[in-house]
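Participant: The structure follows.
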Amino acid sequence: MKYDSIAEIVRLAEESGKNISDLVIEEQALSLETTQEEIFNRMKKALEVMKEAVLEGVDPDKRSASGLTGGSAYKMKKQVDGGRNICGKIFGEAMVKALAVSQTNACMGRIVAAPTAGSCGILPGALLTIMEDRGLDDDTVVKALFTASAFGMVIANNASISGAEGGCQAECGSASAMAAAALVEMCGGSPQMASDACAISLKNILGLVCDPVAGLVEIPCIKRNAMGVANAFVGAELALAGIESAIPADEVILAMKKIGNSMPSALRETAEGGLAATPTGRELCKRVFG
Ligand code: SF4
């Protein structure tokens with residue numbers, strides 16, 4: 001199996017009657033010349049790192065080295081635990097985890113780049129939340145991570161997963177799309193539904209620029225992870241309801257690539273445009289770097 005077409009991966013899964021994750025595990029074991037068990041165990045370790053990153057990131061006293069960020073995940077958790085958040089438990093829990101993992105990254109803690117460090121909170125936020133909500137086991141989440149990786153590889157091969165190349169759509173957008181597809185598989189949806197979820201979540205985020213204040217992966221990155229996980233749930237929820245994407249996932253990915261190519265460099269991780277170039281963004285930069 002090549003990772004150059006989502007339509008092809010869906011076709012292979014549907015013809016074989018297998019989940020996308022099963023195909024990816026088989027293919028990865030073959031191409032890396034190892035056993036499926038070994039491949040699975042490696043991903044299991046990644047899941048453990050994700051869980052640890054959540055715990056680390058909700059620490060109320062943890063601040064990033066720049067001093068720009070810290071404490072958001074804890075505040076959100078208090079709101080959710082107190083039953084005061086307005087979006088319901090699943091969205092609330094998902095945002096807590098996404099903020100926490102992203103904060104752990106800002107504090108130089110250990111995370112899994114999924115697909116990048118900047119967007120590392122979205123997959124754990126989505127998958128660990130639905131795991132808890134539905135009482136699913138670790139192995140189901142590990143499998144879902146393989147599904148997410150297949151979608152991520154197609155995006156990386158046909159467009160980009162780098163903010164410097166394609167803007168934040170390529171980082172948080174890709175993570176959202178990967179998480180949406182993985183959520184669909186975890187919830188019993190078909191491979192085609194996973195493809196639709198990927199397409200919908202990616203479409204929702206097209207054009208998002210990369211404009212980190214002071215060039216640090218903190219502002220707006222941490223909050224964009226909260227937005228990205230919500231977007232993943234939107235894509236998965238719509239697809240699971242049988243709502244199709246009018247534009248197929250492969251075409252959405254190519255559209256994302258073209259949009260990224262037409263973005264000026266000021267909006268591609270150079271910290272010269274967007275939020276980084278606002279008066280407050282520049283002031284914060286001065287505060288950090290003098
Ligand atoms: S704004 Fe840029 S650095 Fe921050 S998460 Fe998005 S792509 Fe990554």
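Participant: Explain nothing, just compute: Karplus ³J(HN,Hα) = 6.51 cos²θ - 1.76 cosθ + 1.60, θ = phi - 60°, for every residue of the range 17-22 in order, whole Hz, x for Gly and Pro.
Facilitator: Residue by residue, the range 17-22 yields x, 10, 6, 4, 4, 4 Hz.
Participant: Could you work out how far the C-alpha centroid of the range 258-290 sits from that of the range 112-185, in angstrom?
Facilitator: First find each Cα centre; the distance between them is then 25 Å.
Participant: Please report, in Å, the Rg and the Dmax of the range 55-103, where both are computed over Cα atoms only.
Facilitator: Spelled out, the Cα radius of gyration and Dmax of the range 55-103 are 10.7, 33 Å.
Participant: Something else: Within 9 Å, Cβ to Cβ, of Glu93, how many net charges do the neighbouring residues add up to if Lys/Arg are +1 and Asp/Glu are -1?
Facilitator: The answer is +1.
Participant: Then there is this: Sum up the charges of everything whose Cβ sits under 11 Å from the Cβ of Gly109, counting Lys and Arg as +1 and Asp and Glu as -1, but leave Gly109 out.
Facilitator: Summing Lys/Arg as +1 and Asp/Glu as -1 gives -1.
Participant: Hull surface divided by four, with the convex hull built on the Cα atoms of the chain: how many nm²?
Facilitator: Projected over every direction and averaged, the Cα hull of the chain covers 14.6 nm².
Participant: Next up: First check a/c for the range 73-202, with a ≥ b ≥ c the square roots of the eigenvalues of its C-alpha gyration tensor; if it is under 1.5, answer rounded, and if not, answer prolate when a/b is larger than b/c or oblate otherwise.
Facilitator: oblate
Participant: Tabulate in residue order the Karplus-calculated ³J(HN,Hα) for the range 31-38, using 6.51 cos²θ - 1.76 cosθ + 1.60 with θ = phi - 60°, rounded to whole Hz; enter x for Gly and Pro.
Facilitator: Result, ordered by residue: 6, 9, 6, 9, 8, 5, 5, 5 Hz.
Participant: Give the calculated FRET efficiency between Val288 and Lys45 to the nearest 0.05, with a Förster radius of 41 Å applied to their Cβ-Cβ distance.
Facilitator: Computed FRET efficiency for Val288 and Lys45 comes out at 0.75.
Participant: While we're looking at this one, here's another question. Hey, what number do you get for the chain at 222 nm if only DSSP H runs of n ≥ 4 count, each worth -39500 (n - 2.57), divided across all residues, to the nearest 500?
Facilitator: Mean residue ellipticity at 222 nm (helix-derived): -20000 deg cm²/dmol.
Participant: Okay, next question. If you add up the charges near Leu32, with Lys and Arg at +1 and Asp and Glu at -1, over every other residue whose beta carbon is less than 12 angstrom from its beta carbon, what do you get?
Facilitator: Cβ neighbours under 12 Å give a net charge of -3.
Participant: Which whole-Hz couplings ³J(HN,Hα) result when phi for each residue of the range 173-187 is put into the Karplus expression 6.51 cos²θ - 1.76 cosθ + 1.60, θ = phi - 60°, listed in order with x for Gly and Pro?
Facilitator: x, 5, 4, 4, 5, 5, 5, 4, 5, 5, 4, 4, 5, 4, 9
Participant: I've got another one for you. How many nm separate the modelled label positions at Ser31 and Leu254, each set 7 Å beyond the Cα in the direction of the Cβ?
Facilitator: So the label points at Ser31 and Leu254 sit 2.1 nm apart.
Participant: Provide the FRET efficiency to the nearest 0.05 for the Ala277-Ser16 pair, computing r from the beta carbons and using R0 = 51 Å.
Facilitator: It comes out at approximately 0.55.
None of the figures in this text is laboratory data; all of them are computed from the coordinates on show. Everything numeric in this text was worked out from a predicted model, so none of it was measured. No Cβ is skipped: glycine too gets one built from the backbone with ideal geometry, and neighbour counts run over all protein chains shown.
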